[in-house]
Amino acid sequence: MIIKINDRPLDFSLDNEKTLGEILASLEQWLSNSGHRLSEIFIDGQAVTASMVEEIFQKDVKSVKNLEVRTNAVAELAASSLQTLFKDIDEYENLKFDEKAKFFDKWKESAQALFIMEEMPDLYSYFKNTFLNGEIPLATLRSVTEEIQREVNGPVKELENIEPVLNEVCEKLINLPLDIQTGKDFSAAQTLQIFSAITDKLIRLFYQLSVQGYIIQIEDAKKIAEKFGGFKNILAQLLESYEKHDIIITGDIAEYEASPKLKELYLTILNICRETAKTQGEK
């Protein structure tokens, strides 16, 4: 069987796959890891429609000569969806009060809503809370959407731009025990909130950098993923000790674990991206 992706032959050898469905499942997983999504399938020149999927999946691989797949880049879909979301915000803002109550039911079935529900669930929650419950102001929703748009359209630039904020929160983490001891509860809570937010942002940027080809080495991706795994444990321990008002443990974790490892994680991602850009520029 000859397999082509976007008209390019794929070097693919059958392992234990016996049905077309098994091959397509493997392809979909591989494409997903590469930042792409299946958009069209052709079997021996015939386009596969939704009604044919079940039958096609059961086909014996030996009965198929040519499998052609077309894809869309997830980053391109994200950029297009985000642009449409701004129009949704404008439309909602201009509705009358009674019309706003009905807006969410229609909006949730739209392509952009379905996309972010799957790919950006946190952003979907913001839109749901605004369109359905009116809990989040439109200005806040726009600001959050603009931030996500920057991450999608220029992940490396966004990564570089957050360094001053990251350095500031690292310094605040070192001073966290003193804030707690001197009764600066608001400052301490704000530090942990920013720390948590910037961790989430790094996770989102890591995903964008991976699917957009800025982190191409499997070893690099694994190294960063492992650092994130350990880092999330540090975050959980820090929040737990803070909630228990254990100043000593909170201080030790904040100063000797959270602060230096946040900086280390950030620089690891940034240096890998810069090295990739340098290597690609030399080719």
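Hey, got a sec? Which trypsin sites (Lys or Arg not before Pro) in region 48-138 land in a DSSP loop and have at most 12 other Cβ atoms within 10 Å?
Qualifying residues, ordered by number: K65, K96.
Can you tell me the Rg and the Dmax, both Å, for the Cα atoms in the chain?
Radius of gyration, then largest Cα-Cα span, for the chain: 23.3, 75 Å.
Debye sum, Cα scatterers, region 118-218, no solvent: what log₁₀ I/I(0) at q = 0.10, 0.17, 0.18, 0.20 1/Å?
-0.38, -0.92, -0.98, -1.07
Pairing the Cα long axis of helix 97-107 with the longest principal axis of the chain, what angle in degrees results, from 0 to 90 and rounded to the nearest 10?
Roughly 50 degrees between the two axes.
Alpha carbons only, please: Rg and Dmax for region 154-278, in angstrom.
Cα radius of gyration and Dmax of region 154-278 are 15.3, 48 Å respectively.
Take every DSSP beta bridge with both residues inside the chain and express the antiparallel ones as a percent of the total, to the nearest 5.
Beta bridges within the chain, antiparallel portion: roughly 75 percent.
DSSP beta bridges in region 2-73, what fraction antiparallel, as a percent rounded to 5?
Bridges in region 2-73 are about 75 percent antiparallel.
Could you give me the percent of Cα pairs per 10 Å distance bin for region 1-127, shortest bin first, beginning at zero and ending with the bin that holds the maximum distance?
Answer for region 1-127: a P(r) of 11, 34, 24, 19, 10, 3 percent.
Relative to the longest principal Cα axis of the chain, at what angle does helix 185-211 sit, 0 to 90 degrees, rounded to 10?
Tilt of helix 185-211: around 20 degrees.
Among the lysines, select those whose C-alpha is under 16 Å from the C-alpha of K128, and discard any that sit fewer than 8 residues away in the same chain.
The reachable lysines, counting only those whose Cα sits under 16 Å from K128, are K87, K100, K102, K106, K108.
How large are Rg and Dmax for region 76-152 when only the alpha carbon atoms are used, in Å?
11.5, 35
Once Rh for region 2-73 is found with the Kirkwood sum over Cα pairs, what is the Stokes-Einstein diffusion coefficient at 10 °C and 1.306 mPa s, in µm²/s?
129 µm²/s
For region 154-278, what does the relative contact order come out to in percent, with C-alpha contacts under 8 Å and a separation of six or more?
On the way: 89 pairs, mean separation 50.7, N = 125.
Result for region 154-278 is 41 percent.
Under the definition of Cα pairs under 8 Å and six or more residues apart, what whole-number percent is the relative contact order of region 76-152?
Relative CO of region 76-152 lands at 37 percent.
Sticking with the crude label model, points 7 Å out along Cα→Cβ, report the distance from K223 to K157 in nm, one decimal please.
Rounded to a tenth, the inter-label distance reads 2.7 nm.
Running Debye on region 117-165 with equal point scatterers at the Cα sites and no solvent, what base-10 log of I(q)/I(0) appears at q = 0.15, 0.22, 0.28 Å⁻¹?
For region 117-165, the Cα-only Debye profile gives -0.47, -0.82, -1.01.
Calculate how steeply helix 20-33 sits against the longest principal axis of the alpha-carbon atoms of the chain, using the helix alpha-carbon long axis, and give the answer as 0 to 90 degrees to the nearest 10.
On a 0 to 90 degree scale, this one is about 30.
Given the Cα-Cα distance of D105 and R150 and 0.36 nm per residue of separation, how much length would full extension add, in nm?
Separation in residues times 0.36 nm, less the Cα-Cα distance, equals 13.4 nm.
Grab the DSSP H runs of the chain that are 4 residues or longer, score each as -39,500 (n - 2.57), total them, divide by all residues and round the 222 nm result to the nearest 500 deg cm²/dmol.
My calculation for the chain gives -22000 deg cm²/dmol from helical runs alone.
Computed FRET efficiency, Cβ-Cβ of E255 and R8, R0 51 Å: what is it to the nearest 0.05? Please list the in-between numbers first.
Numbers: r = 52 Å, r/R0 = 1.02.
It comes to 0.50.
Rule-based calculations on the coordinates, nothing more; no lab input. Small disclaimer: the values here were computed from a predicted structure and weren't measured. Note that we place each Cβ from the backbone using ideal geometry, even for glycine, and neighbour counts take in every protein chain shown.
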